[in-house]
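Working notes, structure below.
Please treat every number below as a calculation from the coordinates, not as lab data. No experiment lies behind these values; they were computed from the predicted model shown. Don't worry about glycine lacking a Cβ; one is built from the backbone with ideal geometry, like all the others, and counts go over all protein chains shown.
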Amino acid sequence: RFCCLCFLYTLIALLCLLLIAAIAACIFYVFYHPKHPTFAVTSIRTTAFNLTTTDPAGFSRLKSHLDFTLTAKNPNKKNIVFVYEPFSAAVEASRGNVDVGNATLPGFTHVAGNTTILRGTVISDPTRDFDSDTVAPLRADLAKKNGFPLTVEVKTMVQVQLGKLKTKRVGIRVTCDGIRGFQPKNATSKTPTPGTTTNAKCKVDLRIKIWKFTF
């Protein structure tokens with residue numbers, strides 16, 4: 001009987017602790033109401049974008065130079081801080097997934113309510129060959145007057161800090177579509193040609209767990 005009573009009291013104590021933890025987690029969520037960071041590509045400019053055929057087999061090479069601006073916002077009003085490691089960025093032509101270039105953006109600490117602007121430059125690999133099927137959609141887009149579609153993707157690791165509480169570093173991926181670039185009218189000009197980002201939308205893939213809540 002004594003063993004049964006000990007087991008019962010231990011079980012009740014554990015249930016009470018779980019209940020207290022659940023109540024504390026609910027209070028935390030109601031008080032802080034944590035939100036994902038948001039990102040947006042707010043500008044893109046093209047200095048060079050030339051697709052040339054390199055041999056009779058139909059392989060092509062891309063010479064590109066693009067500058068883009070990525071705006072990051074921490075929408076949380078309470079003291080929720082995102083700590084980012086350096087970002088790896090990649091730009092692709094949306095149709096056919098033609099690699100336009102890569103860049104590295106600096107990491108930073110993102111305090112609540114803050115907006116941070118990052119600028120990157122991507123330059124293509126001039127020795128990379130693309131087969132005719134891969135570049136066919138891009139060639140068709142380059143012939144149009146409304147520009148060619150681009151996708152910007154950035155990846156990094158992020159840690160969330162809430163006072164002394166720190167989460168493990170987790171991966172975050174941001175994919176931005178709806179961007180259109182334009183070829184410079186003068187191939188020898190060094191003046192960048194602005195693209196359009198009015199229809200750009202960014203999707204943030206991030207799952208952070210604080211206690212029992214994932215956001």
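Please enumerate the residues belonging to segment 107-124 that are crowded, with 18+ Cβ neighbours inside 10 Å, over 19 Å from MET157 (Cα atoms) and aliphatic (A, V, I, L, M).
Across segment 107-124, the qualifying residue is only VAL122.
Among the residues of segment 125-147 satisfying the criterion of being in contact with a Lys or Arg (Cβ under 8 Å, 6 or more places away or on another chain) and under 24 Å from THR104 (Cβ atoms), which is surrounded by the most Cβ atoms within 10 Å (Cβ to Cβ)?
Step by step, filter segment 125-147, then rank; the result is PHE130.
Just give me the residues in segment 171-197 being closer than 30 Å to VAL160 by Cα and not aliphatic (A, V, I, L, M), in sequence order.
Hits for segment 171-197 are GLY171, ARG173, THR175, CYS176, ASP177, GLY178, THR197.
When the residues of segment 183-202 are narrowed to those that are in a strand (DSSP E or B) and of a type in the set (S, T, N, Q), which ends up nearest to VAL122 (Cα to Cα)?
Step one: list which residues in segment 183-202 are in a strand (DSSP E or B), which gives 193-194, 196, 201-202.
In the following step, the residues that additionally are of a type in the set (S, T, N, Q) were identified as 193, 196.
Working: THR193: 15, THR196: 17 Å.
Filtering segment 183-202 for residues that are in a strand (DSSP E or B) and of a type in the set (S, T, N, Q), the one nearest to VAL122 (Cα to Cα) comes out as THR193.
Given the structure, is ARG180 among the charged types (D, E, K, R) and assigned to a strand (DSSP E or B)? Steps first, please.
Details: among the charged types (D, E, K, R): yes; assigned to a strand (DSSP E or B): yes.
Against the criterion (among the charged types (D, E, K, R) and assigned to a strand (DSSP E or B)), ARG180 qualifies.
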